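Structure record follows, encoded as structure tokens.
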Amino acid sequence: MKTILTLVICLSQWAATAQVMATWKGGSPGRETEWQCPGNWNTNRTPDQFNNVHIPDVSAGSGSFPVIEGDAGSVNALVVAAGAKLMIAPSGSLVVEWAESTLVSGDLLNDGRFEVLPVPPASASNHRSKTASATKHQKFWSSLSAAETLDGF
């Protein structure tokens with residue numbers, strides 16, 4: 001009985017840390033573009049560090065792309081699909097914890113703070129930290145490398 005209980009506890013802890021895909025849908029009445037509005041996500045909750053975030057091209061659907069105002073915290077991974085947009089306002093910030101699963105093929109319009117952390121965290125002493133900057137509202141086509149920080153992009 002003790003073995004079964006230990007197994008159940010271990011499995012429940014593993015399930016609690018499993019990554020869940022959160023896909024942007026936008027269009028919640030009165031809050032169409034708010035990242036922090038749970039109704040704008042297929043999971044009906046705002047993404048966190050346990051979510052792999054997908055921003056698809058919703059121009060044929062809701063037509064409302066996400067805008068981050070304030071601290072959005074962190075997400076596990078981020079994909080901004082071709083034709084999609086993600087805007088980070090001057091007061092906004094987003095941290096992506098898994099650089100190797102971050103791909104921006106659409107538009108990343110960053111007037112705030114966008115940080116991509118190295119993977120895995122245990123190898124932090126082995127990575128080179130670098131800062132990249134570009135003109136604001138420039139189209140960003142890249143698979144981001146580890147430890148990139150983009151401020152005022």
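By the gyration tensor of its Cα atoms, with a ≥ b ≥ c the square roots of the eigenvalues, what is the shape of segment 34-104: rounded for a/c under 1.5, prolate for a/b over b/c, or oblate? Show your work: numbers first, answer last.
Details: a/c = 1.36, a/b = 1.17, b/c = 1.17.
Rounded shape, in that the Cα axes give a/c under 1.5.
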Handout entry: Inter-site label distance for ASP71 and ASN44 at 7 Å from Cα along Cβ, in nm
Key = 2.8 nm
Completion exercise
Here the residues of segment 70-95 lying in the modelled label zone of SER59, meaning backbone nitrogen under 19 Å from a point 7 Å along Cα-to-Cβ, are 79-88
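Just so you know, all these numbers are worked out from the coordinates, no wet-lab data involved. The shown structure was predicted, so the numbers you read here are calculated from the model rather than taken from an experiment. In this analysis, Cβ positions are derived from the backbone assuming ideal geometry, glycine residues included, and neighbour counts consider all displayed protein chains.
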